[in-house]
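Working notes, beginning with the structure itself.
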Amino acid sequence: MLYPRNSESRSVINLDGIWDFKLDNGNGMKEKWFEKRLQNPIKMPVPASYNDLQEGYDFRNHCGLVFYQRDLTIPRALLESPDRLVLRFGAVTHKAKVYVNKELAAKHIGGFLPFEVELDKSGLHTHNLLTVCVDNRIDYSTLPVGREDHPDKNEANFDFFNYSGIIRPVFLYTTPRAYIENITIVPKIDAKKASLTYTVNTKNATSHDPEMDTSIHIELLTRDGELVSDEHKITGTLNVDSPCLWEPGNPYLYQVRVSFEDDIYEFLYGIRTVAVKGNKFLINEKPFYFRGFGKHEDTFPNGRGFNEVMNVKDLSLFDWIGANSFRTSHYPYSEEMMQLCDEKGIVVIDEVPAVGLNINFSGGANLHNGIEIGTFSPENEGGIRTALAHQKVIHDLIDRDKNYACVVMWSIANEPDGSAKGAYNYFKPLFDLARREDPQCRPCTMASVAMENYKDDCSLKLSDIYCLNRYYGWYIACGDLSRARDLMEKEMKFWNSTGKPFMFTEYGVDTISGYHNSTPRLFTEEYQLEYYKMNHDVVDQLDNFIGEQVWNFADFDTEENLTRVCGNKKGLFTRDRKPKLAAHYFRERWHQPDKYH
């Protein structure tokens, strides 16, 4: 699915703005609210999460359906044109039904990837009614996973708030009837030359032989618009002498222009390679050390809603602190963020929304008909029911992000019950799928949780790089950094002995900004600093350790519980992006001219 872009042949109309909004009272679908104007609606910005935009517990924690509505005005020229008219949503959490003039136009399951529908012009007018019914409920069948202990509640089986709504931009766009559907480019670098193997997928071709037709033209141009290479075939190779490579912190993006019959599509593309060789992670055949964070799309009061301003601010803070990478914990981030990372030279570990694949996450036994069950028990015995959804999000994420130079690795899950019975059989087909579907053959991994039997983690058999979420000194040996160090050294020696590269994708402690003590105590900024120093004393001695991604970049919101003080406070920055004491320590560490570069 191509990102909507204006061109000589395509028009894009942004539908963001203030929509009408109403919480379901339990009868919205029965009373067919989508067939008429919402009665007594409130005003709601799109894109945004709705939870923090009105006051009250019942609004913030609403469980079930909500309705969005707006006028959809279509210029007469577009209605009379033979061009296709497509309605596209960047993301809706977690299920959506889209109605145009009372008729169901599209439905989608999954909250963090785009979907679109070609509209039937025969049912359209210049003025139309657009209604979107959004369902935020989560359970053992959804990604992310929700708990099923209390069916009347919407309990997350993960440690971030279940922000909901139309959270990313909405577009109406046109294409010619014969159009470019998809583009795939795979780079290969050999000495001082690069070859880009490409495939252009088209629809509704009118030519008899699209494989060799002058109606197909793909061009690679410099940023200044000078032609580098071109071809006139659906599939082929673009050869580049002395290519300017995309590299972390020093990105170069070429322009790609594809013409097919009357359609034209343009985008930016970075030439680079990624590989795992021995105990190293290589970008353009050079060892790369990950410096950065796990992040969240989380701001106030947007919630998980698209926030371009904060995206720019966050990457400015990356420059300030010396970070070069992040993981899209725990779901795909907006495509606009991927574009920004391509422009800025920020490396991304791209993660699907497979979080909560551990029904023992909250502790205690889970019972089905009085029998204790495991995460990957058969569905009829109470196990999770996410396999099909998991396959779909892997397919859709790779299809969306396959051409971004910033994306260097796929993360198949976050903190699953990786040593449980059935875990390997669940994840093996998913890793196979990712490797089969990615044309660039990027490395695959999963972020593994700390466990007593870590040697049984199925990640050992499946991951190209071991990504560890570890909290020695916090959840393990809390407050005792000496004991935490001993325990951590023992485990890290094991991972180092495998001969494969490994890294931290999470490590951190909750820290209240402004809470200080001369003796480092839990929740103080001093304890956070000493915690990271201890961790680094251990990992800096390990030959196969290739990166450190702090948990978290910034404080973020969670459901209310006794271990969270108005959210998770593990950020190096506060939720409004003010640095804590440890941020200055990392700034000094990450700007040292040694292996951290």
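Of 91, 48, which residue is at pLDDT 95 or above, farther than 28 Å from residue 184 by Cβ and either buried (at least 18 other Cβ atoms within 10 Å of the Cβ) or among the β-branched types (Val, Ile, Thr) (or both)?
Selected residue: 48, the only one of 91, 48 that is at pLDDT 95 or above, farther than 28 Å from residue 184 by Cβ and either buried (at least 18 other Cβ atoms within 10 Å of the Cβ) or among the β-branched types (Val, Ile, Thr) (or both).
Being touching a Gly at 6+ places or on another chain (Cβ under 9 Å), outside the structural domain of residue 310 (by TED's automatic domain parsing) and in a loop (DSSP other than H, G, I, E, B) narrows it down to one residue among 68, 50; which is it?
50
Scan (1) within 29 Å of residue 61 (Cβ to Cβ); (2) surrounded by 20 or more Cβ atoms within 10 Å (Cβ to Cβ) for the single condition residue 528 breaks and write down its number.
Only one criterion in (1) within 29 Å of residue 61 (Cβ to Cβ); (2) surrounded by 20 or more Cβ atoms within 10 Å (Cβ to Cβ) is unmet by residue 528, namely (1).
Does any residue in segment 421-444 that is within 16 Å of residue 409 (Cβ to Cβ) come within less than 7 Å, Cβ to Cβ, of a residue that is among the basic types (Lys, Arg) and crowded, with 17+ Cβ neighbours inside 10 Å six or more places away or on a different chain, and which pairs are these?
Every condition considered, the pairs that remain are 438/402; 439/402; 440/402.
Can you say whether residue 492 is closer than 29 Å to residue 350 by Cα and in contact with a Cys (Cβ under 8 Å, 6 or more places away or on another chain), as far as the supplied structure shows?
no
So, of the residues in segment 375-408 that are in contact (Cβ under 8 Å) with a residue 12 or more places away in the chain and polar (S, T, N, Q), which turns out to be farthest from residue 282 (Cα to Cα)?
377
For segment 491-537, which residues satisfy the criterion of being charged (D, E, K, R) and closer than 10 Å to residue 472 by Cβ?
Matches in segment 491-537: 491 only.
Can you find a residue in segment 72-91 that is out of contact with any Lys or Arg (no Cβ under 8 Å at 6 or more places or on another chain), assigned to a strand (DSSP E or B) and within 22 Å of residue 333 (Cα to Cα)?
Within segment 72-91 (the criterion being out of contact with any Lys or Arg (no Cβ under 8 Å at 6 or more places or on another chain), assigned to a strand (DSSP E or B) and within 22 Å of residue 333 (Cα to Cα)), the answer is yes, since at least one residue qualifies.
If a residue must be in a strand (DSSP E or B) and either modelled with pLDDT under 95 or among the aromatic types (Phe, Trp, Tyr) (or both), how many such residues does segment 94-137 contain?
2
What's the total number of residues in segment 485-520 that are among the hydrophobic types (A, V, I, L, M, F, W, C), surrounded by fewer than 18 Cβ atoms within 10 Å (Cβ to Cβ) and assigned to a loop (DSSP other than H, G, I, E, B)?
Of the residues in segment 485-520, 1 are among the hydrophobic types (A, V, I, L, M, F, W, C), surrounded by fewer than 18 Cβ atoms within 10 Å (Cβ to Cβ) and assigned to a loop (DSSP other than H, G, I, E, B).
Tell me which residues, restricted to segment 64-73, are more than 24 Å from residue 396 (Cβ to Cβ) and surrounded by 18 or more Cβ atoms within 10 Å (Cβ to Cβ).
Residues satisfying the conditions are 67, 69, 70, 72.
Which pairs do you get when a residue that is more than 16 Å from residue 189 (Cα to Cα), found in segment 261-283, comes within reach of a residue that is surrounded by fewer than 19 Cβ atoms within 10 Å (Cβ to Cβ) and of a type in the set (D, E, K, R), reach meaning Cβ atoms under 6 angstrom, with the pair 6+ apart or on two chains?
Taking only residues 6 or more apart or on different chains, the pairs are 264/8; 266/257.
A quick yes/no check of all residues on (1) within 21 Å of the chain's Cα centre (by Cα); (2) hydrophobic (A, V, I, L, M, F, W, C); (3) surrounded by 18 or more Cβ atoms within 10 Å (Cβ to Cβ):
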{"site": "231", "(1), (2), (3)": "no, no, yes"}
{"site": "235", "(1), (2), (3)": "no, no, no"}
{"site": "240", "(1), (2), (3)": "no, yes, yes"}
{"site": "288", "(1), (2), (3)": "no, yes, yes"}
{"site": "316", "(1), (2), (3)": "yes, no, no"}
{"site": "321", "(1), (2), (3)": "no, yes, yes"}
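The values are calculated or read from the model by the stated rules, or taken from the named source; none is laboratory data. Computed from a predicted structure; not experimentally measured. Glycine gets a Cβ as well: all are built from the backbone with ideal geometry, and neighbour counts include every protein chain shown.
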